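Contents: one structure, followed by commentary.
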Amino acid sequence: MRTRFLVDGMLGSLARWLRISGYDAEYRREADDDSLIEEASRTGRVLLTRDRELAHRARKRGMEAVLVEGEDEVFQLGELAAVFGLELDPSCSRCPKCNGPLTRVEKDQIKDRVPEASLEAFEVFWVCGVCGNVYWRGSHWDQIVSTLEEAERLSGSGGSKRL
Ligand SMILES: [Zn+2]
């Protein structure tokens, strides 16, 4: 089974990049330490945190936790890719906004919800099964691909500690 993650409130950008890379990453902006530990334990997710004490507590309970120390999310993603052997594949992205699964849809299913210029310029669209957001590979797509390639290059350079 693919590694699934629970991401603490300080790592929202990393959570989005994990989703774009095709990984199930739940993000809890407000959760306290106890509820993060409880949820990660109950759902079998790897806890990602910037809080050394929280990572330590999770480890003591026999859970997998990573203390994420890199400043930059590309570097953080590269570290996780190295530790967990992640394949960073934007063709199986989840919704970057809410972590919902994306489903490919036909143009006429979303034609009222996408700017006309995008409808004309693109053929392939996806809809989030949870929040309903529509996605297509617009002008930012090349940037996403090159960011993930950069993260893959960085993987293996070390920094975060798997506890
Ligand atoms: Zn969504």
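Those strands (runs of 3 or more DSSP E) of region 18-134 in which at least 3 residues are within 14 Å of the ligand (Cβ to nearest atom), considering only elements entirely within it, cover 25-27, 102-105, 125-128.
Annotation note: Cβ proximity below 8 Å between a residue of region 136-154 that is over 21 Å from F125 (Cα atoms) and a residue that is among the β-branched types (V, I, T) (sequence gap 6+ or interchain) occurs for T147/V74; E150/V74; A151/V74; L154/V74.
For region 52-73, residues that are under 20 Å from S13 (Cα atoms), surrounded by fewer than 19 Cβ atoms within 10 Å (Cβ to Cβ) and modelled with pLDDT of 95 or more total 1.
Can you pull out the residues in region 103-132 that are under 22 Å from D24 (Cα atoms) and either buried (at least 16 other Cβ atoms within 10 Å of the Cβ) or touching a helix residue (DSSP H, G or I) at 6+ places or on another chain (Cβ under 6 Å) (or both)? Passing the criteria: F125, W126, V127, C128.
The values are calculated or read from the model by the stated rules, or taken from the named source; none is laboratory data. All values reported here derive from a predicted model rather than from experimental measurement. Glycine also receives a Cβ, built like all others from the backbone with ideal geometry; neighbour counts cover every protein chain displayed.
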